[in-house]
Amino acid sequence: MRSPSPIISEGLSECLSEGLSEGLSEGLSEGLIDSFRAGKLNVYIFDSRQQTSKAAAAAVAAKMRKLIAERGRAVGVFTSEPSHNEFLDELVKAEEIEWTRVIGFHLDELLGANEDAPQSHRRFLFDRLVKRVPMAEFHGLRGEAANPEAVCANYAAALKSRPPDFATLDVGDNGRLASIDPSVCDFNDPAMVRVVELTEPSHRAISLTIPAIMSCPKLFLIAPDTTKQNAVREMIAGEITTTCPASILRTHEDAHLFLDRDSAAKLAC
């Protein structure tokens, strides 16, 4: 790995000035081993999963504090992935976030899953975030509803009435974002929320679409772990194509990708 480039020190500083510059001054750049831009995407590589999660949480927390100070509230979309366990734990512990001024949405939910189901994405966020902080509002996708198309329409209306300021994301092993697998990916999807078929047989989900994700002014993608290596390589070095939905993030004006040494292992040095 290269030593951190001037461009990234600058990019990380910009992210942390809402975000990471503040974190840098607090030593939260500890473990940063490389940084660069892939298109417009800011990429930060840390030595360990914990350091990656801590830096990402510092950036998100600082953005939330800034939004609350300037606008009185912060609206965020959160993802439900095991790779975010440490990140969410660090975010919950972050100081001086007025959670009573935070409105939360989430990216996707399995069709048929109620909020108590072990596989429920809502349950994941309830257990790791929502129940641990006094969040003002959390809008869950009702996977168990009899009319999923109505759920999509209602959730799209809620997103329009409270436009998200940021989203936290994960990349799937096949390059997916949310539940948008390559087989159903449409970079110009007219819908904000839709029912999609998943790669796993007989599984469906309600998911925010790529345009809905890309409409968030700031994006934080946290992707540690060896299982992300191929997807990370394709999203950074491959073509921008629906065969790797996450590759579209290279066109976003303010997107930030946090990796650890393991997930970045297949990137060219």
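What follows draws every value from the coordinates through simple rules; no lab data is involved. Note that this is a predicted model, so its numbers are computed, not measured. Note: ideal-geometry Cβ built from the backbone for every residue, glycine included; neighbour counts use all protein chains shown.
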Two-site FRET efficiency, ASP127 against ASN154, from Cβ-Cβ distance with R₀ of 22 Å, rounded to 0.05: 0.35
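Treating the beta-carbon of each Lys and Arg as +1 and of each Asp and Glu as -1, no other charges, what is the dipole magnitude of the chain about its Cα centre, to the nearest 20 debye?
340 debye
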Anchor LYS40: aspartates and glutamates whose Cα lies under 17 Å away (excluding residues fewer than 8 positions away in-chain): GLU10, GLU14, GLU234, GLU239, GLU253, ASP254
Sparse-neighbourhood loop sites, GluC sites (Glu not before Pro) in the stretch 207-269 - DSSP loop, at most 13 other Cβ within 10 angstrom: GLU239, GLU253
Computed over the stretch 117-250: relative contact order in percent, which uses C-alpha pairs under 8 Å that are six or more apart: 25 percent
Distance-filtered residues of the stretch 56-76 - backbone nitrogen under 17 Å, label point 7 angstrom along ARG162 Cα→Cβ: 64-65, 67-69, 71-76
Residues of type lysines that LYS93 reaches as a straight line, Cα spacing below 20 Å, ignoring anything fewer than 8 places off in the same chain: LYS54, LYS63, LYS66, LYS131
Inter-probe distance in nm under a simple model that places probes 7 Å from Cα toward Cβ, at ASP89 and SER183: 3.5 nm
Spin-label model distance (nm) - ALA265 vs THR243, 7 Å beyond Cα toward Cβ: 2.4 nm
Max mean-square fluctuation residue, GNM over the chain, Cα-Cα springs under 10 Å, options VAL193, VAL171, VAL130: VAL130
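How high is the relative contact order of the chain, given as a whole-number percent (alpha carbon pairs under 8 Å, six or more residues apart)?
21 percent
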Whether the chain is rounded, prolate or oblate, judged on the alpha carbon gyration tensor where a/c under 1.5 counts as rounded: oblate
Dipole of the chain, positive end: most advanced residue of HIS252, THR226, LEU267 [Cβ charges, Cα centre]: HIS252
J(HN,Hα) series, the stretch 60-72, from Karplus relation 6.51 cos²θ - 1.76 cosθ + 1.60, nearest Hz, glycine and proline x: 5, 4, 5, 4, 5, 4, 5, 4, 5, 5, 8, 10, x
Rounded to whole Hz, the Karplus (6.51, -1.76, 1.60) HN-Hα couplings of the stretch 128-140, x for glycine and proline: 9, 9, 4, 6, 9, 9, x, 4, 4, 9, 9, 9, x
Proximal lysines to LYS160, defined as alpha-carbon separation beneath 18 angstrom and excluding residues fewer than eight positions away on the same chain: LYS218
